[in-house]
Amino acid sequence: MPEALLYIAILFAIIIFLSLFTYFVPVGLWITAYFAGVKVGIFRDLVGMRLRKVPPGAIVRPKISAEKAGLEVLLERMEAHYLAGGNVDAVILALISADKANIELTFERAAAIDLAGRDVLEAVKVSVNPKVINTPLIAAVAKDGIQVKATARVTVRANIDRLVGGAGEETIIARVGEGVVTTVGSADTHKQVLENPDSISKTVLGKGLDSGTAFEILSIDIADVDVGDNIGAKLQTEQAEADLKIAQAKAEERRAMAQAREQEMRALVEEMSARVKEAEAEVPRAIAEAFRTGNLGIMDYYRMRNIQSDTEMRTAISETGEGESGDDRNPGA
């Protein structure tokens with residue numbers, strides 16, 4: 001029984017040893033590389049990658065692809081790129097594609113493009129096969145105030161030399177939209193734009209919109225152009241409405257000021273009337289005081305009353321005469 005346990009323990013030890021050995025020494029991968037003509041050291045390269053926490057397959061398989069495509073890429077550079085967080089397989093495929101398309105691309109530049117966050121393989125494909133970017137609907141206004149709506153198709157090719165630090169598709173779309181707005185805005189009438197839409201693409205293409213971007217603009221084609229709203233008339237209408245509201249506000253202000261002045265005059269008249277009544281109320285007191293002091297006799301008082309009565313009669317006669325003359329001038333009244 002103890003011998004059986006010993007054999008089982010030895011068997012488990014052998015299994016663990018073989019598992020660790022095959023993990024640290026990927027013999028199958030080494031055999032594949034050997035028969036592919038790629039020189040890879042078992043202990044120096046494969047075991048070293050395991051100790052540096054680099055999967056040997058992520059380095060050796062791209063190395064085999066590069067060797068078969070006739071490219072010489074050092075394992076140390078590939079491993080360094082992997083440790084930097086790059087995609088070694090995408091970089092090698094991009095190098096192979098660039099080599100087949102006669103595009104000059106080094107491993108260092110491809111690695112820099114990959115670490116910059118761009119798809120280096122897609123960039124090489126766009127460099128070989130140009131890409132079409134469709135812009136959203138662009139609205140611009142000609143000098144006659146008519147709005148013109150257009151969409152454009154921009155054919156671009158990736159510029160490998162400017163992929164690192166160069167602007168992307170969003171900048172191309174924004175610049176093309178700006179160019180379309182400027183070109184349409186400089187047209188005298190919207191009919192000129194509708195008759196010659198190619199003038200837009202020629203003008204915009206000549207502005208060098210791809211400067212500082214990761215692309216080279218090959219062509220700009222106007223896909224669709226249409227007439228929009230009459231912006232000039234709408235602005236004039238809105239301005240007229242605004243002027244009308246301003247005039248109404250000023251008229252309301254003048255009316256309020258006139259009402260305030262009228263109320264002020266009424267208050268002044270009422271105040272003066274009150275003062276007159278107050279003064280008239282003092283007249284009998286003054287006459288009585290004059291009687292007591294002897295400054296006014298009874299005959300003087302009667303003369304004053306006669307003068308008042310005569311004055312009131314003359315006033316009534318004059319008013320009656322004016323009414324009769326008015327009736328004569330207008331018999332039908």
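The values are calculated or read from the model by the stated rules, or taken from the named source; none is laboratory data. From a predicted model like this one, the values you see are computed outputs, not experimental measurements. Heads up, the Cβs are rebuilt from the backbone with ideal geometry, glycines too, and the neighbour counts pull from every protein chain shown. Heavy atoms of the whole protein, side chains included, go into the accessibility calculation; ligands, DNA and RNA do not. Shrake-Rupley method; radii C 1.70, N 1.55, O 1.52, S 1.80 Å.
Here the range 207-238 is the region considered, the condition is being within 22 Å of residue 126 (Cα to Cα), not in a strand (DSSP E or B) and not hydrophobic (A, V, I, L, M, F, W, C), and the residue that is most open to solvent (accessible area, probe 1.4 Å) is 211. Scanning the range 116-127 for residues that are in a helix (DSSP H, G or I), open to solvent by 20 Å² or more (accessible area, probe 1.4 Å) and closer than 10 Å to residue 91 by Cα yields a count of 1.
State whether one or more residues within the range 48-55 are surrounded by 15 or more Cβ atoms within 10 Å (Cβ to Cβ), at pLDDT below 85 and in a loop (DSSP other than H, G, I, E, B). Within the range 48-55, one or more residues are surrounded by 15 or more Cβ atoms within 10 Å (Cβ to Cβ), at pLDDT below 85 and in a loop (DSSP other than H, G, I, E, B).
Given the structure, is residue 312 farther than 30 Å from residue 145 by Cα, of a type in the set (D, E, K, R) and modelled with pLDDT under 85? Against the criterion (farther than 30 Å from residue 145 by Cα, of a type in the set (D, E, K, R) and modelled with pLDDT under 85), residue 312 qualifies.
Is at least one residue of the range 53-70 small (Gly, Ala, Ser) and without any contact (Cβ under 8 Å) to a residue 24 or more places away in the chain? For the range 53-70, residues small (Gly, Ala, Ser) and without any contact (Cβ under 8 Å) to a residue 24 or more places away in the chain: absent.
Checking each residue in the range 154-191 for being of a type outside the set (Ser, Thr, Tyr), farther than 17 Å from residue 134 by Cβ, part of a helix (DSSP H, G or I) and open to solvent by 70 Å² or more (accessible area, probe 1.4 Å) picks out 161, 162, 191. Taking the criterion of being over 19 Å from residue 95 (Cβ atoms) and among the basic types (Lys, Arg), the residues of the range 33-68 that qualify are 39, 44, 50, 52, 53. In the range 135-167, the residue that is farthest from residue 209 (Cα to Cα) out of those that are modelled with pLDDT of 85 or more and small (Gly, Ala, Ser) is 145. Looking only at residues that are hydrophobic (A, V, I, L, M, F, W, C) and open to solvent by less than 20 Å² (accessible area, probe 1.4 Å) in the range 76-89, which one is farthest from residue 121 (Cα to Cα)? Checking each candidate, the answer is 78.
Against the test of being in contact with a Ser or Thr (Cβ under 7 Å, 6 or more places away or on another chain), buried (at least 19 other Cβ atoms within 10 Å of the Cβ) and not polar (S, T, N, Q), the options 142, 98, 150 yield a single qualifying residue, 142.
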